[in-house]
Every structure is written in C-alpha cells, then in structure tokens.
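Visitor: Mind looking over this structure? Questions follow.
The values are calculated or read from the model by the stated rules, or taken from the named source; none is laboratory data. Note that the coordinates shown come from a computational prediction; the quantities given were computed from them, not determined experimentally. No Cβ is skipped: glycine too gets one built from the backbone with ideal geometry, and neighbour counts run over all protein chains shown.
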Amino acid sequence: MVGLSNLLSIGQAAFYGIGAYVTALALKTLGLSFFPSVILAIVITLLFAIIVGYISLKMEGDYFILATLGIQIIVFTILNNWIAVTMGPYGIPGIPSPKLFGYIEIKGIESFLMVSTAFSAITIFFFHRLIKSPFGRDLKGLRDDSISMIALGKNITKLKIQSFVISSSFAAISGFIYASYISYIDPTSYNLDESIFIISAVLIGGTGNIKGPIIGAIFVVALPELLRFVGLPDSIAANMRMIIYGLTLVIIMRYRSQGLAGVYKF
Amino acid sequence: MLTQFLINGFINGAIYAMVALGFAIVYNTTRIFHIAFAILYMIAPYLVYSFYSQAGYPLVLSSVAAIVCIVLISVLIELIIYRPLIKKKSSLNVIMISSIGLMIVGINVIALIYGNDTKILSSSISNTISLGNIIITYKQFTQLVISTLAISGFMVFLKYSKFGIKTRAMRDNVTLCNVFALNVPKFRLSLYALSGAFAAIGGILISLDVGMDPYIGMPMFLNAVVALIIGGIGKFHAPLFGGIFIGLLQSLVVWKFSANWQDLMTFSILIIFLIFRPQGLFGEKQRLV
C-alpha cells in the first residue's frame, strides 16, 4: 500500500492486532471453524479500516501519519485495558486450532506452513492482478501526481480509502494466521514498535512493486537467523538486531531510497 | 483532592510544553519530523546517571555536562544524517524515515550499554512543601521552576534578540532567508542545538522524579507532538497551551478513571483536533510544504 499510493501508515499493527483478537475470540469464545472466523476477522477489520480511513485520509503528509499513529495507540490502549474482553496485558491463551470444513483440524507446523503459503500465494497473485488493473493504475497515478488525478476527474479520497481498506484486510489475514498458529496473543505484539517494524521491513525491501516488500520481509526474518549463526548471547542479540535494522534503514534512505528491490523513490 | 491533581497536571504540562517547544523549534522552521528527538530526551538522563551515580560528580554539574553532550549529539544528527539528505534533495518523508532508523539505533544502543531495566537517579523521598492541603515535592518544584525559566527565557529571546528574529524568519519563509543572505545551514545548527537542550532538560527533570528506561523517549515525544498539534503548528507560544492542556487533561483522567486510559484520552483529543481543527487552537492555516 505504501508503494502504490504513497501513504505511509503507522497503524498497520493495529489492524494486524484487531485481526488477531477477532480470530482469537471467534475461535475460542464463539467456537467457529476456519472459514467463518477468517471472514469474521476480515469483515470486522474492514469495517474498522473504513472508519479510520474516512477520518485520516482527509489529511495529508505528516498529519496522516500522526492520525494513524494516534489510532494505533488508541487500539493498543483498548486491547491492553479492556480486560473483560481482551484479558488485558495477560493476553488470550489456549486459542483452539481452526477446523477446515468441520473435520480437518489445522494443527502443527506443516499444516500452518501450507495455510500461510496458500494465503501468501493468494496475496501475491491478488496484488499482481491489482497492479495491472485500472484500479492499480489509478493508485500509481495518485502516487506520482495526485493533482493531475483530480484534474482527470478521479475521486482521490475514495481511491485512498479503497487502498487503505484493502491493505488492512491483508493485515487482518496475517493476524488470523498468527493468532491461530501461536495460539496465544497479548497486546504487546501489536504496539507502535511492531508498526514501525512492519514499515521498516517494507521500506528496506522497497516499494512500488510486489518484489520489494517480499524481499524486505525475507531480510527482516532472515537477519535474526544469521545473527544466531554468529553466536551472540541472547541478551545482546535482540538489541543488536534492532540496531542493524535501524542502521540499514538510515543507509538505505541515504543511498537508495527506493529500497533494495523497489522502483518508487520517496 | 482535585486541586492536587490539577497542580500535578500543571507541572507535568509545563514539562510537556518545554519538550514540545524543543520539537517545535526544529519542526516549525525546517519541517523535518524529527523523531530522533525522542532519543535525545531519553539519552540525557542516562548521561546524568553515568556522571552522577556512577562517576560521582555533583548533580548540577552532571546535568550541565549531559545537556552539553546532548546538544552536540543533536548538532551531529543534523550534520551527519539530515544535511546530506537535504543536499540530495530527498523528500521530507525520506528524512523522517532516516530519523526513525536513527531512533531505533539509539534506543537499542542505550539498552545494550545500560540494560533494559529502569534506573533511578535519586532514591531518597524528597521533602515537600505544603500549601494548605496541597502538597508539592521539591522535585516537582524544581521541575516547575526550571521549565518555566527555560520557556520564558526562550520566549523573550524569540521576541527581542537577533536570534529570535532569524528563527521567526526561518519559520515564515526559508527561501527569503536565503535571499537576505542568512546562512541557513549554519543557522539550522544552532536551532538543533537549542532543541537538543530543551529535550535534555525535559528528560533530566522527568527522570529525577520517576527514573528512566530506554523506551521513555517515544511516549514523551508523542505527548509533545500532540501538544504541538493542539496548540497549533507554526506558532511558538502554541505548544505551551497545548502542553498544559494535555497535562491537566491527563491528570483529570487519572482522577476520574485510571492512569491506564491516559493515552486513549490524549490521542482521542489529537484525532478530534485533526478532524475538526487541524490548525490547532492558535494556528493559522498551514503553509503548503
């Protein structure tokens, strides 16, 4: 989303978190199976994204970033303090594994690998089609020159809201996979740091095409494994990893602001 | 009881106002969303901790030394990170993202050196001043006096000194400053120095009372930004009202509900302002770019 429409949202972890919490409640409290709970997670996140989009997308630049940041913190505060539903800082333990078609239980690392691969494939295919579609061209136009887009008679607020909502529904899907795989969630996974982390992954990889964010994600996931090879003690490793992310971000912005594999320069 | 909460809120608000002013000095003039400001605020008390608790120098001397170090770091950030990007004509978004990167590095370097746990500067229970049934600790009194002095000093300078006139000129029109042969890159350094000093003073004052950990920068930075927005971007007196408004509001929330809901209130107010009055209480319509 960042790449296609030049909207830098700091609230992505909020949508991820809402997706995960809705999943947890749907699977545990309501006892729904696989498809209903995915759909519920997506629909609720979508509704929330539409409201947030209407509020925040009327603003530009720094104001938009601030608004998404505000929403991020509000969501985190609610997850952390609304003890009756989210159990607050203790998190929700023991989320049952979802059941596919009522009898196949998705459990264990292999089946989740399959599910997440399937979802990733669908996502990549979807974005591939999206970029080629007229809607994708509109979004690129919005990024490159929003004033000409207005002159061409496009409703740019509507376009922005659409792209915002689409991207948040993918955050909801990742929330679903995370919650049902780890089977335990707590609010700290969905705070501001997580949002900043998501953004740095995207920006390190680069934006404007599909390759960029994928390479960014591979980079941020592979780095801790590499550091494990170097054999740093655990207490240092986490901080060291963040230092490397930060430095990478600074260096990439300096010398290659389109990211490792992206096309779009900020 | 309510008066006590309001007084506490006011003192916190004064510090928010000072930190917000430090951010405004950079943001109003250069338009850089200087997120690395948060780590300046956070590193300052750690330096005091090193000088005072570890090396054993007197508190005032350590604080002054820490402020000087932070001023240097702030100037270096401008020199090493921001200036080359501006020379390359990078967009403000790129500069902001580098600033985020820098913040991540800063937080984790401090966490590596000092550890993730909370450190305290002085463990003694401080003496109190009682006025009727209102109690103010000496630490709070120091916070109030120093932040008031810093803010009013800056306001006087802004109004009457050459430096203040240049600052206001930078805020209004950078191109025109160039035309009138103001050495803008050099002047920016002094702005960064001043803003670093405000961050450092704020950080030290707060951590005298409640201690520090590597993550205190961001919440304070966000409060400062909210104060700035509520007050109005572009006006230097605006963050004062914004800061005190937030301070009072947060203490009211603590009084009425609990401290857990402070952030919710602050950021709801931010969003309400962004929707209905994005120019803030005192701001005029914002200049584009």
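Visitor: Checking B:P219 against (1) farther than 22 Å from B:S62 by Cα; (2) at pLDDT 90 or above, which test does it fail?
Guide: Going through the list (1) farther than 22 Å from B:S62 by Cα; (2) at pLDDT 90 or above, B:P219 breaks only (2).
This table checks each residue for (1) within 11 Å of B:I35 (Cα to Cα); (2) surrounded by fewer than 14 Cβ atoms within 10 Å (Cβ to Cβ); (3) at pLDDT below 85; (4) of a type in the set (A, V, I, L, M, F, W, C).
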| position | (1), (2), (3), (4) |
| --- | --- |
| B:V94 | no, no, yes, yes |
| B:S99 | yes, no, no, no |
| B:M103 | yes, no, no, yes |
| B:I110 | no, no, no, yes |
| B:G115 | no, yes, yes, no |
| B:I120 | no, no, yes, yes |
| B:S123 | no, yes, yes, no |
| B:L131 | no, yes, yes, yes |
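Visitor: Ok, one more. So B:I73 passes all but one of these: (1) surrounded by 23 or more Cβ atoms within 10 Å (Cβ to Cβ); (2) at pLDDT 90 or above. Which condition number does it fail?
Guide: If we test B:I73 against (1) surrounded by 23 or more Cβ atoms within 10 Å (Cβ to Cβ); (2) at pLDDT 90 or above, just (1) comes out false.
Visitor: Name the helices (runs of 4 or more DSSP H) wholly within the range B:16-129 that hold at least 3 residues that are in contact with a Pro (Cβ under 6 Å, 6 or more places away or on another chain)?
Guide: Because the criterion is at least 3 residues that are in contact with a Pro (Cβ under 6 Å, 6 or more places away or on another chain), the helices (runs of 4 or more DSSP H) in the range B:16-129 that meet it are B:92-114.
Visitor: A follow-up question, please. When you check A:F135 against the structure, is it in the same structural domain as A:I55 (by TED's automatic domain parsing), of a type in the set (F, W, Y), at pLDDT 75 or above and more than 19 Å from A:Q12 (Cβ to Cβ), yes or no?
Guide: yes
Visitor: Then there is this: A:G61 versus (1) under 23 Å from B:M265 (Cα atoms); (2) at pLDDT below 80; (3) of a type in the set (G, A, S): which is the lone unmet condition?
Guide: All conditions pass for A:G61, except number (1).
Visitor: Residue check, B:L208 against (1) buried (at least 20 other Cβ atoms within 10 Å of the Cβ); (2) modelled with pLDDT under 80; (3) hydrophobic (A, V, I, L, M, F, W, C), all met but one. Which one?
Guide: It is condition (2) that B:L208 fails.
Visitor: Conditions first: (1) free of Cβ contacts under 8 Å to residues at least 12 places away in the same chain; (2) within 13 Å of chain A (Cβ to nearest Cβ). B:K256 passes all but one, so which condition is the exception?
Guide: It fails just one condition, (2).
Visitor: Please work out if B:I67 is within 17 Å of the chain's Cα centre (by Cα), at pLDDT 85 or above and over 27 Å from A:S200 (Cβ atoms).
Guide: Yes; evaluated as a whole, the condition is true for this residue.
Visitor: Give B:F221, B:F180 a once-over and let me know the one that is surrounded by 24 or more Cβ atoms within 10 Å (Cβ to Cβ) and either within 14 Å of chain A (Cβ to nearest Cβ) or of a type outside the set (D, E, K, R) (or both).
Guide: B:F221
Visitor: Here are some residues: B:L252, B:L281, B:L264. Which one is in a loop (DSSP other than H, G, I, E, B) and more than 18 Å from the chain's Cα centre (by Cα)?
Guide: Answer to the check: B:L281.
Visitor: Within the range B:66-86, take every residue that is in contact with a helix residue (DSSP H, G or I) (Cβ under 9 Å, 6 or more places away or on another chain) and under 30 Å from A:R143 (Cα atoms) and give me the one that is farthest from the other protein chains (Cβ to nearest Cβ).
Guide: B:E78
Visitor: So which of B:A238, B:A193 ends up being within 27 Å of B:I113 (Cα to Cα) and either in contact with a strand residue (DSSP E or B) (Cβ under 8 Å, 6 or more places away or on another chain) or modelled with pLDDT of 80 or more (or both)?
Guide: B:A193
Visitor: If we scan the range A:29-39, do we find a residue that is under 18 Å from A:Q72 (Cα atoms), of a type in the set (G, A, S), in a helix (DSSP H, G or I) and modelled with pLDDT of 70 or more?
Guide: So far as the range A:29-39 goes, no, none of its residues is under 18 Å from A:Q72 (Cα atoms), of a type in the set (G, A, S), in a helix (DSSP H, G or I) and modelled with pLDDT of 70 or more.
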